[in-house]
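Laboratory data are not the source of any read-out in this text; all were calculated from the coordinates shown. What you are looking at is a predicted structure, and each value in this text was computed from that prediction instead of being measured.
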Amino acid sequence: MAIAVGGGGEERPMSDINTTPLVDVMLVLLIIFLITVPVALQTVEKLKIPVFQAAETKDKAENLLITVTTTDAQGRTPTLSQSDYSGATRSGKCRVFFNNVTPVDSTELYDKAFERLDGIVQREGGVEAIMQDPEKIPQVIIRADVNTPWRCVAGTIFNVQAAGYPTVGFISNPRPLS
């Protein structure tokens, strides 16, 4: 606090900033951070992540298998007969194969997936009948090259879910536990 000494006779408002409350608040925050940070660090370091061995899924004939990849650096598309394909690239164009064989674009993927799912639902007796036994609901299983950009995989997921498939899974190569 400032005390005015002297007798000028003229009273003026004091223009000094009172920093005492600011210092008090900052000291309290400092003490809180000094106490909580070591506690938070200790709990994060002792975190144990569960390790599970992947269970093999039961494959059904109705499951839809889709392969997602891209063109190679020369713009070639992978095929069963072409051996000069050098592998997917991040900058390549997306290539989607319906049931691992038929190349499709996004519109064809949606149409074929919808027709296939509709045929399975009608064969089982309609939506109500297939909902009674969730095991009869087909799934989509996607195989994607490791170099395939996410935009290609995400577009595939969007199209098959828009066509009505509720479950989408991925095929991967499991790593051995060490």
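Rounded to the nearest whole angstrom, the semi-axes of the ellipsoid equivalent to segment 92-178, taken from the Cα gyration tensor as √(5λ), stand at 26, 18, 10, largest first.
Across segment 127-134, rounded Karplus estimates of 3J(HN,Hα) from the backbone phi angles (6.51 cos²θ - 1.76 cosθ + 1.60, θ = phi - 60°) give 5, 4, 5, 6, 6, 5, 10, x Hz, Gly and Pro being marked x. Applying the Karplus relation 6.51 cos²θ - 1.76 cosθ + 1.60 with θ = phi - 60° to segment 163-168 yields 3J(HN,Hα) values of 6, x, 6, x, 10, 10 Hz, where x marks Gly and Pro.
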